Amino acid sequence: MLYGKNGRKDDLVVRGARVLDPVEGVDAVLDVRVDKGVIAGIGEGLDANGHRVVEGAGLVLAPAFVDPHVHLRVPGGEDEETIASGTEAAAAGGYCAILAMPNTDPVVDSAAVLGSLIEDAKTQAQVPVGFLAAITRGQDGAELTEMAELADQGAAGFTDDGRPVVAPALMRRALQYHGITRRRLALHCEEPTLSKGGQMHEGAVSAELGFTGYPSVAESLMVERDLSLAAYEEAPLHLLHLSARESVDALRAAQAKGVQATAEVTPHHLCLTDDAVRSLDSNVKMNPPLRSADDRAALVKGLRDGTIGSVATDHAPHARHEKEVPFEAAPFGVTGLETAFGALYTHLVDPGLIPLETLLERMSAGPARAYGLEPPRVAVGAQANLVLLDTEAAWRVEEKGFRSRSANSWLLGQTLRGQVRLTVAAGKVVHG
Amino acid sequence: MGEIHVMREGYLPPKQPPRRHLISIGDLEREDVERLLATAKSFSRSLEREVKKLPTLRGRTVVNVFYESSTRTSSSFELAAKRLSADTMSIKAAGSSVDKGESLKDTALTLGAYDPDVIVIRHPQIGAPELVARYTDAHVVNAGDGKHQHPTQALLDLYTIQDELGRIEGVHVAIVGDVLHSRVARSNVQALALMGAKVTLVGPPPLIPRGIEAMGCEVSHEIGAIADADVVYVLRMQRERMAEGANYVPSLREYTERWGVTPERVRPGQKVMHPGPMNRGVEIDPRVADASEALIEAQVRAGLVVRMAVLYDLLTTGPVPVEAAEPLEVA
């Protein structure tokens with residue numbers, strides 16, 4: 001389900017880093033040796049065997065990150081991102097695997113389109129990529145795609161991300177088809193008549209600024225509907241980019257009743273509130289919108305207690321001229337691959353809102369499990385998928401530093417604490 | 001500054017550096033508003049003279065860019081600039097490069113190349129004035145951006161209230177009607193709250209934005225709530241902003257029946273204001289609009305002197321750093 005450039009497998013020793021793998025239960029200062037792309041030794045005073053040695057003192061070595069929600073913009077949006085540029089950005093952000101969304105032009109709704117993306121990934125992807133296919137043809141919400149064939153072709157899951165599956169009966173059919181495909185359905189929950197024209201969260205800030213509101217209930221109503229359908233069909237689902245307290249509450253209640261539901265949350269929803277929209281900066285315009293401080297608190301709590309198991313960047317590159325317009329005219333979406341760890345370390349870990357171990361788990365094993373992928377591990381015999389993190393380093397987010405083709409980041413000009421020093425993906429050093 | 005300053009009668013030039021732009025009432029402190037109203041008052045006296053033109057802004061250039069139709073605002077900005085001897089240029093979206101798909105950024109860069117001192121902009125989208133401020137060196141005055149702000153309207157309304165009632169602090173203003181779509185309402189709530197007036201918003205629930213009480217006003221859905229007010233401020237029903245089938249109100253007939261401002265609902269001595277253009281017979285009964293308590297023409301007159309004061313204030317105290325927008329790289 002993941003496709004990337006095959007090629008060299010690297011030899012490497014990371015010496016004296018704090019090895020932190022919350023899933024394996026490792027937290028100690030150790031050396032880690034990688035032989036031909038496989039973790040061959042973990043211990044003290046390991047022999048370098050002539051490998052490249054990376055000094056890890058004062059740094060954290062952890063399982064590399066998995067981003068379950070990236071817009072690579074291919075086919076059709078190559079001015080904004082490509083497989084090559086998007087996976088270079090992922091490598092710089094500490095990711096060893098990413099999942100790409102199918103809302104492209106054309107939509108990834110046929111085996112032919114999916115097949116050609118997979119072929120491209122095999123020659124261009126620095127970091128392995130999984131491609132989700134659409135639930136409905138053209139993401140029009142009318143007819144199911146040929147899900148079984150798409151699954152056979154290698155689809156990593158199914159989603160109409162960017163749009164909801166409006167009709168409940170069609171949503172039900174898609175859930176039924178999970179029995180055949182065994183691939184996760186990932187749902188963008190938005191009731192379109194309630195969110196129509198919405199530019200930002202409906203609340204005191206939208207009332208003051210005059211923007212048409214996109215109320216929380218537009219999301220939570222669909223979350224509740226989809227959880228009801230999943231319970232009825234006993235099929236698993238994954239909820240994309242949750243933003244509202246009511247959604248988290250509904251998810252927690254459904255999980256307690258045994259519904260197999262996973263969910264993700266973005267760095268921007270974890271770090272910002274609708275107050276940021278007062279800047280009228282088009283780089284804080286996203287769907288779902290930034291919500292209230294209370295919603296943000298519920299998202300952080302949900303991530304901490306595991307109700308929300310994944311951090312997803314929803315990396316959504318946009319051309320510069322598309323965002324250099326008044327807020328109301330700008331498209332939704334912000335980039336995130338290269339800034340996710342720094343943003344979350346700075347805004348959640350440093351202030352004590354969430355432990356580092358929890359963040360690392362939610363950025364790696366959590367999203368891998370949600371899609372049935374092998375979680376990256378720091379364990380002897382495992383393929384090397386590693387990230388070396390400097391939690392002391394402060395760095396300024398600047399446009400010229402981005403590997404992504406787009407720079408529509410809400411963090412431009414900000415100084416972050418926490419930087420990725422080295423990324424190893426599928427046994428290969430891809431960054432650092 | 002001293003040599004171009006021609007005001008007499010004890011008027012003192014502003015001591016505080018004024019804001020570089022006027023984009024939102026939120027850009028202003030109470031003392032800024034007081035200074036602007038005082039300046040406007042002194043201009044109103046100068047306009048009583050036979051020769052109404054002042055040389056104050058001779059050699060300055062004011063560009064008016066209107067992306068939305070306007071009678072009152074565009075004409076009063078133009079006249080205000082002319083009364084102060086500034087050179088003016090007016091651009092309307094229709095018939096300009098906007099018709100050819102030029103972006104607002106490029107229009108701003110083009111106009112900025114002429115080094116205008118002030119750009120007055122009206123635009124249907126929230127945030128357009130900030131964008132122009134980011135890409136030009138001109139002082140930017142917001143003449144209405146979408147549903148966001150219309151700061152000079154609020155200032156002229158404050159001026160009118162002060163002129164008629166002798167004060168603003170403690171005055172109770174009921175704003176009636178389509179608050180949801182109204183930049184006038186937003187600027188007025190902010191401005192009135194800043195000056196210590198009491199504001200009650202009155203209208204049908206779908207037309208009162210959720211959470212607006214946080215701006216410092218009260219909300220009522222009953223027209224009876226206007227009874228206590230000193231001023232009844234009637235908003236236009238913005239039919240053009242109401243999408244087909246949005247069902248903000250079931251019908252204009254029902255709206256008028258329950259929330260229309262009629263002679264029966266106005267108490268003697270209550271002042272009535274309206275930002276125009278009016279829908280007579282919808283939100284305001286023609287008998288109310290034409291009654292002596294109506295301040296609607298006074299508002300228009302105030303618009304001229306208040307806009308003169310805004311232009312004067314922006315241009316006569318020297319440059320101050322841009323506060324409104326982060327500098328961005330321009331490719």
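The values are calculated or read from the model by the stated rules, or taken from the named source; none is laboratory data. Values in this document were obtained by computation on a predicted structure and should not be read as measured data. Virtual Cβ from ideal backbone geometry, glycine too; neighbours counted across all protein chains shown.
Numbers at a glance
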item	result
In the range A:261-294, the residues that are among the small types (Gly, Ala, Ser) and either surrounded by fewer than 22 Cβ atoms within 10 Å (Cβ to Cβ) or away from chain B (no Cβ under 11 Å) (or both)	A:261, A:263, A:276, A:279, A:292, A:293
Hits in the range A:189-207 (condition: buried (at least 23 other Cβ atoms within 10 Å of the Cβ) and more than 26 Å from residue A:267 (Cβ to Cβ))	none
Filter result (of a type in the set (A, V, I, L, M) and either in a helix (DSSP H, G or I) or within 13 Å of chain A (Cβ to nearest Cβ) (or both)) within the range B:200-233	B:201, B:207, B:208, B:212, B:214, B:215, B:219, B:223, B:225, B:226
Any hit, the range B:246-260, residues being in contact with an Asp or Glu (Cβ under 7 Å, 6 or more places away or on another chain), more than 14 Å from every other protein chain (Cβ to nearest Cβ), of a type in the set (Gly, Ala, Ser) and in a loop (DSSP other than H, G, I, E, B)	yes
Extreme residue, nearest to residue B:43 (Cα to Cα), among residues of the range B:61-114 that are more than 14 Å from chain A (Cβ to nearest Cβ), in contact (Cβ under 8 Å) with a residue 40 or more places away in the chain and among the hydroxyl-bearing types (Ser, Thr, Tyr)	B:76
Hey, residue A:349 touching a residue at least 24 places away in the same chain (Cβ under 8 Å), among the hydrophobic types (A, V, I, L, M, F, W, C) and within 14 Å of chain B (Cβ to nearest Cβ) or not	no
Matching option when the condition is part of a helix (DSSP H, G or I), farther than 23 Å from residue A:366 by Cα and not β-branched (Val, Ile, Thr), among A:142, A:169, A:151	A:169
In the range A:295-327, residue nearest to the other protein chains (Cβ to nearest Cβ) [restricted to those that are of a type in the set (Val, Ile, Thr) and not in a loop (DSSP other than H, G, I, E, B)]	A:300
Any hit, the range A:205-213, residues being touching a strand residue (DSSP E or B) at 6+ places or on another chain (Cβ under 8 Å) and under 23 Å from residue A:312 (Cα atoms)	no
Which numbered condition residue B:163 misses (of (1) within 30 Å of residue B:259 (Cα to Cα); (2) within 14 Å of chain A (Cβ to nearest Cβ); (3) charged (D, E, K, R); (4) surrounded by fewer than 24 Cβ atoms within 10 Å (Cβ to Cβ))	(2)
Counted residues, the range B:125-147 - those being in contact with a strand residue (DSSP E or B) (Cβ under 8 Å, 6 or more places away or on another chain) and either away from chain A (no Cβ under 11 Å) or not acidic (Asp, Glu) (or both)	16
Leading residue by the ranking (farthest from residue A:282 (Cα to Cα)) among those in the range A:252-270 that are assigned to a helix (DSSP H, G or I) and out of contact with any Ser or Thr (no Cβ under 6 Å at 6 or more places or on another chain)	A:256
Among residues of the range B:67-82, those that are at pLDDT below 95, of a type outside the set (Ser, Thr, Tyr) and either surrounded by 21 or more Cβ atoms within 10 Å (Cβ to Cβ) or out of contact with any strand residue (DSSP E or B) (no Cβ under 9 Å at 6 or more places or on another chain) (or both), counted	1
Of residues in the range A:145-162 being under 17 Å from the mean Cα position of the chain (by Cα) and of a type in the set (D, E, K, R), the one surrounded by the fewest Cβ atoms within 10 Å (Cβ to Cβ)	A:161
Answer residue from the range A:400-430, given it is over 21 Å from the mean Cα position of the chain (by Cα) and within 14 Å of chain B (Cβ to nearest Cβ) and is nearest to residue A:351 (Cα to Cα) among those	A:414
